[in-house]
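Chemist: Here it is, the structure in full.
Nothing in this text is a laboratory measurement; each read-out follows from the coordinates by a stated rule. Here the structure is a predicted model, which is why all the values come from computation and not from measurement. Glycine gets a Cβ as well: all are built from the backbone with ideal geometry, and neighbour counts include every protein chain shown.
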Amino acid sequence: MGKIAIIMGSKSDFKVMNEAIKILKSFKIPVEYDIVSAHRTPKKMVDYAINAEKKGIKVIIAGAGGSAHLPGMVASITSIPVIGVPIKSRNSIDGWDSILSILQMPGGVPVATVALNGAKNAGILAAQIIGTSDSKINKKIKDYKKELEDKVIESSKDLKKNS
């Protein structure tokens, strides 16, 4: 099993991106994380993307706010799947600038994009990608989804019983 890398444009993004870290750790998937800014540390970003495969990284989750170039720039450098997490930052236009910056990639440079501040779903998607070639992770994903189903069924029963 390879690792999943989680990178973010600034320390303030960690609160959102930590949701991906937590879900991946719950699946027992190795994860590394770092601050890699497309605008403030472009050389670090390029080096990170170039060397990710050598480090055994199988999926990169990149979170960014504002103009949110990090996911797309990393995707333009590496062949590893990149999942973008648009983050509503303090200087954001309700997050739309981040969403569109990540979502509207040119042909040939795909970035899977999750909802605004949707790092947990990015973690689950990354685990599902790993699970296509790792039966243990695939089983953990199936168990997780079964737990979700069970919670909804239980909520439905509670609703009917208490109404």
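Chemist: For every other residue with a beta carbon closer than 15 angstrom to the beta carbon of Ala68, add +1 if it is Lys or Arg and -1 if Asp or Glu, then tell me the sum. Intermediate results must be reported in sequence, preceding the final value.
Modeler: Numbers: positive: Arg40, Lys88, Arg90; negative: Asp13, Asp94, Asp97.
Charge balance near Ala68 sits at 0.
Chemist: Nearest 10 degrees is fine. How inclined is helix 42-51 to the longest principal axis of the chain, computing both from alpha carbons?
Modeler: Tilt of helix 42-51: around 70 degrees.
Chemist: Return the subset of Lys28/Lys151; Lys28/Lys140; Lys54/Lys139 for which the Cα-Cα distance in this structure is over 18 Å, preserving the input order. Could the numbers behind the result be given before it?
Modeler: On the way: Lys28/Lys151 22 Å; Lys28/Lys140 9 Å; Lys54/Lys139 27 Å.
In this structure, Lys28/Lys151; Lys54/Lys139 lie more than 18 Å apart at Cα.
Chemist: Between their Cα atoms, which of Lys11/Lys157; Lys3/Lys157; Lys44/Lys120 are more than 32 Å away from each other? Please report the intermediate quantities before stating the final value.
Modeler: Numbers: Lys11/Lys157 42 Å; Lys3/Lys157 39 Å; Lys44/Lys120 25 Å.
The answer is Lys11/Lys157; Lys3/Lys157.
Chemist: For the range 84-101, in order, what is each residue's ³J(HN,Hα) by Karplus, 6.51 cos²θ - 1.76 cosθ + 1.60 with θ = phi - 60°, in whole Hz (x at glycine and Pro)?
Modeler: x, 10, x, 10, 7, 9, 5, 9, 7, 9, 6, x, 5, 4, 5, 4, 5, 4
Chemist: On to the next question. At a Förster distance of 22 Å, what's the computed FRET efficiency of Lys15 paired with Leu159, Cβ-Cβ distance as r, to 0.05?
Modeler: On the way: r = 32 Å, r/R0 = 1.44.
With R0 = 22 Å, the Cβ-Cβ based efficiency is 0.10.
Chemist: Which of the aspartates and glutamates could be linked to Lys88 by a straight reach, that is with a Cα gap under 18 Å, when you skip same-chain ones fewer than 8 residues away?
Modeler: By straight Cα distance, Lys88 reaches Asp13, Glu19, Asp97.
Chemist: Starting from the Cα of Lys145, draw a straight line to each of the aspartates and glutamates and keep only those under 16 Å, dropping any in the same chain fewer than 8 residues away.
Modeler: Glu154
Chemist: Rounded to the nearest 500 deg cm²/dmol, what is the calculated helix-only ellipticity per residue at 222 nm for the chain, with -39500 (n - 2.57) per DSSP H run of length n ≥ 4? Show your work: numbers first, answer last.
Modeler: Working: 6 runs with 79 residues, N = 163.
The helix contribution divided over the chain gives -15500 deg cm²/dmol.
Chemist: Enumerate the amide H contacts of Ile87 below 5 Å, restricted to partners 5 or more residues apart or on another chain; note that Pro and chain-start residues carry no placed amide H.
Modeler: Hits under the 5 Å cutoff: Ala64, Gly65, Gly66, Asn117.
Chemist: Follow-up question, since we're still on this one. Which order results if Lys28, Lys3 are arranged by neighbouring Cβ count within 10 Å, fewest first?
Modeler: Going from sparsest to densest Cβ surroundings: Lys28, Lys3.
Chemist: Whole Å is fine, so just give me how far the alpha carbon centre of the range 85-153 lies from that of the range 1-56.
Modeler: Rounded to whole Å, the Cα centres lie 14 Å apart.
Chemist: Suppose R0 equals 25 Å; then what is the FRET efficiency for Ile35 and Ala115 from their Cβ-Cβ distance, rounded to the nearest 0.05?
Modeler: 0.70
Chemist: Given the chain, what whole percent of its Cα pairs are spread farther than 28 Å? Walk me through the numbers on the way to the answer.
Modeler: Details: 3193 of 13203 pairs.
It works out to 24 percent of all Cα pairs.
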